[in-house]
Every structure is written in C-alpha cells, then in structure tokens.
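Trainee: Right, I'll just put the structure down here and ask away after.
The values are calculated or read from the model by the stated rules, or taken from the named source; none is laboratory data. Predicted, not measured: the structure shown is a model, and the values here were computed from it. Positions of Cβ are backbone-derived with ideal geometry, glycine not excepted, and every protein chain shown enters the neighbour counts.
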C-alpha cells in the first residue's frame, strides 16, 4: 500500500494471466472513506483502512472490476456503487447504481465513456489539486509512464472507442490512476493525448 497523492493510497495484485498489476484505490475525501475497484487485499491494506476509520463506499468502474468488492463490502459493511449500464451484467447486488454526470460522495464526478468494452465503463474525476482522473479499463498504464488502450479485439470498434475517450481531454487533470498497470501522478493529460494519437 503506497500513498500516491494526499488522501489517495494504492495497492496492487499482480495478475499472472494479464502480466499486469491490478490496482485498488483507497481515498479519504473529506469525511468520506472510499475504495475503488478492489483487487485481493493484504493484511496491511485492511489494517490501514481500519486505522483511517473503516469504509463508507466501494465504487466499481465497470462490470469486470467487481474483483473483491463483495468480500470488502461484507468485511467493512459499506455501500457498493456500480455503473447503471453495467449492473445487469454483474453478479452482485449493488446498494446503488450511478450514471453519467452524477456527483458521487467525496466530490467524485462520473464520466461515462461511450463505445468502450462495456456499456457502463466510467472514469471518475476529482477536482482537487491539479485534478485527478481514475479509470478502470478505459486506459491501462503500460508501459510504465505511458498509457494504452486494451487489445483491439476487446472493442466492437477501436476508432469509436478512441473517440469516446477524447471526452477525458475536456477535463483538467495532472494525475491518472489506472485500474491496470502503472498510474501516472504528473503529466497525465499529455499521456492521454499521446495514447489517443497512436
């Protein structure tokens, strides 16, 4: 568990199959304690969360990032929020669903992205500091320091997927925290621009 930014911690679980780190985030925003896309949790992660006062919410960015959300929800007795468009494709019963443009607890704005691998794929935007963007599968941090899309076979149309991601460039952000691969804490907007030009 490492602190990436003020109030933002990340831990990783290495996927042998994908040869990538699967990342989970723990945020303390004001009085809210939030977990995002949690992979398997180690004891030190659980301990840190308890020391910070437990959890209020778990937010999942897409149907494939449910990961350990149910286990964490049972352990911490908190709400589980998932994208409305992906909820019918998930084997969990969320406390609440969210949709594009919604303001979630902790001042987190939902940016639903069109033409991605799942209909509910959402980025989460926090306007604190120089701006922070959180993505699930919209972009992956590979190679480290750069961003890329998932393999082309994961999309119905790669050109449309890239066009859908251009919406992210309307926001002001310097950091992007990714669900898979290496996050970028400085200069992230340029990395997004570069990924969409390739």
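Trainee: Could you count how many residues in segment 112-131 are crowded, with 22+ Cβ neighbours inside 10 Å, over 11 Å from the mean Cα position of the chain (by Cα) and under 21 Å from residue 190 (Cβ atoms)?
Mentor: Looking only at that region, the number is 2.
Trainee: Have a look at 98, 155 and point out the one that is farther than 20 Å from residue 21 by Cα and surrounded by 22 or more Cβ atoms within 10 Å (Cβ to Cβ). Before you say what the answer is, go through the steps one by one.
Mentor: On the way: 155 fails: surrounded by 22 or more Cβ atoms within 10 Å (Cβ to Cβ).
Matching residue, one of 98, 155: 98.
Trainee: Can you tell which of 195, 144 is over 13 Å from residue 123 (Cα atoms) and in a helix (DSSP H, G or I)? First the steps, then the outcome.
Mentor: Values: 144 fails: in a helix (DSSP H, G or I).
That would be 195, the only listed residue that is over 13 Å from residue 123 (Cα atoms) and in a helix (DSSP H, G or I).
Trainee: Ok, one more. What residue, of 124, 150, 165, is assigned to a loop (DSSP other than H, G, I, E, B) and either over 20 Å from residue 67 (Cβ atoms) or out of contact with any helix residue (DSSP H, G or I) (no Cβ under 8 Å at 6 or more places or on another chain) (or both)?
Mentor: Numbers: 124 fails: assigned to a loop (DSSP other than H, G, I, E, B); 165 fails: assigned to a loop (DSSP other than H, G, I, E, B).
One residue alone meets the criteria, 150.
Trainee: While we're here: Answer yes if at least one residue in segment 77-95 is within 23 Å of residue 138 (Cβ to Cβ), touching a helix residue (DSSP H, G or I) at 6+ places or on another chain (Cβ under 7 Å) and surrounded by fewer than 17 Cβ atoms within 10 Å (Cβ to Cβ), and no otherwise.
Mentor: Yes, there is a match, as at least one residue in segment 77-95 is within 23 Å of residue 138 (Cβ to Cβ), touching a helix residue (DSSP H, G or I) at 6+ places or on another chain (Cβ under 7 Å) and surrounded by fewer than 17 Cβ atoms within 10 Å (Cβ to Cβ).
Trainee: Would you be able to say whether some residue in segment 54-70 is exposed (fewer than 14 other Cβ atoms within 10 Å of the Cβ), touching a strand residue (DSSP E or B) at 6+ places or on another chain (Cβ under 9 Å) and on the phi > 0 side of the Ramachandran plot? Lay out the reasoning, then the answer.
Mentor: First, pick out the residues of segment 54-70 that are exposed (fewer than 14 other Cβ atoms within 10 Å of the Cβ): 54.
Narrowing further to those that are touching a strand residue (DSSP E or B) at 6+ places or on another chain (Cβ under 9 Å): 54.
If we keep only those that are on the phi > 0 side of the Ramachandran plot too, we end up with 54.
Yes, there is a match, as at least one residue in segment 54-70 is exposed (fewer than 14 other Cβ atoms within 10 Å of the Cβ), touching a strand residue (DSSP E or B) at 6+ places or on another chain (Cβ under 9 Å) and on the phi > 0 side of the Ramachandran plot.
Trainee: What number of residues in segment 14-59 are more than 23 Å from residue 147 (Cα to Cα) and in contact with a helix residue (DSSP H, G or I) (Cβ under 6 Å, 6 or more places away or on another chain)? So that I can check it myself, show each step before the final result.
Mentor: Going residue by residue through segment 14-59, those that are more than 23 Å from residue 147 (Cα to Cα) are 28-34, 40-58.
Subset that is in contact with a helix residue (DSSP H, G or I) (Cβ under 6 Å, 6 or more places away or on another chain): 54-55, 58.
Within segment 14-59, residues that are more than 23 Å from residue 147 (Cα to Cα) and in contact with a helix residue (DSSP H, G or I) (Cβ under 6 Å, 6 or more places away or on another chain) number 3.
Trainee: Is it fair to say residue 64 is farther than 19 Å from residue 108 by Cα and modelled with pLDDT of 95 or more?
Mentor: Numbers: farther than 19 Å from residue 108 by Cα: yes; modelled with pLDDT of 95 or more: yes.
When the stated conditions are applied, residue 64 passes them.
Trainee: All but one of (1) surrounded by 14 or more Cβ atoms within 10 Å (Cβ to Cβ); (2) on the phi > 0 side of the Ramachandran plot; (3) in contact with a strand residue (DSSP E or B) (Cβ under 7 Å, 6 or more places away or on another chain) hold for residue 107; state the number of the condition that does not hold.
Mentor: Going through (1) surrounded by 14 or more Cβ atoms within 10 Å (Cβ to Cβ); (2) on the phi > 0 side of the Ramachandran plot; (3) in contact with a strand residue (DSSP E or B) (Cβ under 7 Å, 6 or more places away or on another chain) one by one, residue 107 breaks only (1).
Trainee: Output the qualifying pairs, or none if there are none: Cβ atoms under 6 angstrom, residues six or more apart or on different chains, first residue in segment 21-47 and touching a residue at least 60 places away in the same chain (Cβ under 8 Å) and on the phi < 0 side of the Ramachandran plot, second residue crowded, with 22+ Cβ neighbours inside 10 Å and not in a strand (DSSP E or B).
Mentor: 23/179
Trainee: Moving on. Test each condition in (1) crowded, with 21+ Cβ neighbours inside 10 Å; (2) part of a helix (DSSP H, G or I) for residue 176 and report the one that comes out false.
Mentor: Going through (1) crowded, with 21+ Cβ neighbours inside 10 Å; (2) part of a helix (DSSP H, G or I) one by one, residue 176 breaks only (2).
Trainee: How many residues, within segment 107-121, are assigned to a loop (DSSP other than H, G, I, E, B) and closer than 16 Å to residue 37 by Cα?
Mentor: Within segment 107-121, the subset assigned to a loop (DSSP other than H, G, I, E, B) is 107, 113-121.
Next cut, closer than 16 Å to residue 37 by Cα only: 118, 120-121.
Here the count works out to 3.
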